[in-house]
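The values are calculated or read from the model by the stated rules, or taken from the named source; none is laboratory data. What you are looking at is a predicted structure, and each value in this text was computed from that prediction instead of being measured. Neighbour counts are summed over all protein chains in view; Cβ atoms, including those assigned to glycine, are modelled from backbone coordinates with ideal geometry.
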Amino acid sequence: MAATVGTATQPVIILKEGAKRMRGREVQSANIMVAKIIAETMKSSLGPRGMDKMLVDSFGDIVITNDGATILKEMDVEHPVAKMLVEVSKAQDEEVGDGTTSTVVLAGELLTKAEELIEKEVHPTLIIEGYRKAAVKALEILDEIGVKVDPTDKALLKKVAKTSMISKLVAEEADYLADLVVEAVTRIAEKVGDKWVVDLDDIKLEKKEGQSLHDTKLIEGVVLDKEVVHPDMPKLVRNAKIALLDAALEIEKTEFDAKLNIESPEQMRAFMKQEEDMLRQMVEKIVSTGANVVLCQKGIDDLAQYFLAKKGVLAVRRIKKSDMDKLAKATKGRVISRIDDLTPEDLGKAALVEERRVGEDKMVFIEGCENPRSLTILIRGGTQRIVDEAERSLKDAINVVKDVIVEGKVIAGGGASELETALRLRDYAKSLPGKEQLAVNKFAEALEAIPSQLAESCGMDPIEAIVNLTSKHKEGNINYGINVFKSELADMKQLDVLDPLLVKKQTIKSAVEAAAMILKIDDIIAASRLETPGAGKKGEKEEGGVGESED
């Protein structure tokens, strides 16, 4: 880039050396291509007949899953657009806990259809406007076809939980696990005014390799993957009064350097006696409050363990902060960071604290907590990978049950709602002027990608399946979708294939936001990458800027 000064032409440098710039159609094509590749990767894992992905990280650790959020999280993507799609899937997972694969597939399809319109010289802004209008209308349609349900109907909630798990590795035990999930979520749900509230922090998922998925249990209380610190301590305490400590039961080392000249064994003994007295005082302070269980986030000195054991106190150390927060909520105790501040009012209460053997390890069970809403699902499974996948599946199932309780509406799965929405959007498009009509029609086409992929995954001809499904819907069978187990069209409501309305609505919102964001980009200015920190001369390093990178 150059500017004229007087009669001479003098170059004006705007971007730093090595920076790259892409503009216009080239940028849009590249961005859309990236989104399409990510969507294609995810597509095949959609639905109960979807395929699994094996992800191997730089350390050689393997993850086998068909959970959309996990696939994208474990994929080490480089392109900024790919990173945006990973963020979209993460937001979907955090908001409603399911539908991550559908969101990315739909976003990819919306961009593919947008590219077709861009090639016909339709401006991206018009496409985005059309997509946003279509999304608003689609949400109205979903609300209309959603079925209002009783949030306390356990039989219906079980159907929703099963639908979520039937596409996962745990499908064989979906019936048993769905019962556990429904029992757990309904116990923690509470009605506040006219609305239901579900705090998922009340459910802790603890996993332990061994036995089978069918040995997964619901525990009324909190389970810690820790053992009692000293062999002489009691392994079972009833009517537990629990001290929750965020302070080490150890002698803190002095910060400054100092030299001590010890000239006789008596002096040495005096120093050791002093340490012993300090630890004894700490233990005496805890016991004086009436505590008979100590749960500590930090370390417990060997000598302190001995004193606690002599007093008949059960102690557990190095508990995770997240677990300490759950324990505080469950036992209604207060986490104390200075032992001197501990009072009897700070103690938590539980009917039982017991160390039990689970598989080859020992775990501590805190049951009959003061807060009866605190629950733990102890997940068992033959291998570490099965246990990990079971945890992901249970998280999804817990979230969808919560969504139904909060929203109070369900909708037919198996691609039925997407196809019905697409049909009604086409009718809506006829009422719109000009090029926006094209965008709404393309939105409808993108929605059909979900039932189309479900049909493809189970060996059906996708085009034929969509044509037949469309004719069924035109006849008024709005709950007809793809029965992937029998490779045929069927009424999803009769088959108990139900999804939370909240998940479907969030999928459309997230996909449209992602597509709109990517379509609006027409310029990428990427700073030059640094080779390695400290490489090159000092002057060159300063010019590059330490914090700059391409993304």
Exercise. Quick one: would you say R187 is in the same structural domain as Q28 (by TED's automatic domain parsing) and of a type outside the set (A, V, I, L, M)?
Worked result: no
Exercise. Which of (1) surrounded by fewer than 14 Cβ atoms within 10 Å (Cβ to Cβ); (2) farther than 30 Å from V335 by Cα is the odd one out, the single condition V160 does not satisfy?
Worked result: (1)
Problem set entry | Filter pass, V353 being touching a Lys or Arg at 6+ places or on another chain (Cβ under 9 Å) and on the phi < 0 side of the Ramachandran plot | yes
Problem set entry | Tally of residues being closer than 24 Å to K53 by Cβ and either among the hydroxyl-bearing types (S, T, Y) or crowded, with 20+ Cβ neighbours inside 10 Å (or both) across region 182-206 | 0
Problem set entry | Exclusive hit being more than 18 Å from E116 (Cβ to Cβ) and buried (at least 22 other Cβ atoms within 10 Å of the Cβ), set G459, G481 | G481
Problem set entry | Tally of residues being more than 16 Å from K298 (Cα to Cα) and of a type outside the set (S, T, N, Q) across region 327-339 | 4
Problem set entry | Options V105, V77: the member that is under 18 Å from L454 (Cβ atoms) and over 11 Å from the mean Cα position of the chain (by Cα) | V105
Exercise. On the given criteria, is S471 at pLDDT 90 or above, out of contact with any helix residue (DSSP H, G or I) (no Cβ under 6 Å at 6 or more places or on another chain) and farther than 22 Å from M33 by Cβ?
Worked result: yes
Seminar exercise, completed: Checked region 400-418 for anything assigned to a helix (DSSP H, G or I) and either of a type outside the set (S, T, Y) or surrounded by fewer than 24 Cβ atoms within 10 Å (Cβ to Cβ) (or both); matches are V400, V401, K402, D403, V404, I405, V406, E407, A416, E418
Seminar exercise, completed: Pairing a residue in region 157-168 that is closer than 17 Å to L501 by Cβ with any residue that is buried (at least 24 other Cβ atoms within 10 Å of the Cβ) and of a type in the set (S, T, Y), where Cβ atoms lie under 8 Å and the two sit 6 or more apart in sequence or on different chains, gives S164/S393
Exercise. So which residues in region 343-372 are modelled with pLDDT of 90 or more and part of a loop (DSSP other than H, G, I, E, B), if there are any at all?
Worked result: T343, L347
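Can you name every residue in region 222-257 that is of a type in the set (G, A, S), touching a Lys or Arg at 6+ places or on another chain (Cβ under 9 Å) and at pLDDT 90 or above?
Within region 222-257, just A240 meets the criteria.
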Problem set entry | Sole exception among (1) closer than 24 Å to A351 by Cβ; (2) among the aliphatic types (A, V, I, L, M); (3) out of contact with any strand residue (DSSP E or B) (no Cβ under 6 Å at 6 or more places or on another chain) for A189, by number | (3)
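Identify the residue in region 306-342 that is under 22 Å from V223 (Cβ atoms), in a helix (DSSP H, G or I) and of a type outside the set (A, V, I, L, M, F, W, C) and, among all such residues, is farthest from the chain's Cα centre (by Cα).
The qualifying residue farthest from the chain's Cα centre (by Cα) is T331.
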For this session: Among the residues of region 484-500, write down those that are closer than 25 Å to K148 by Cβ and under 30 Å from the mean Cα position of the chain (by Cα).
Result: M492, K493, L495, D496, V497, L498, D499, P500
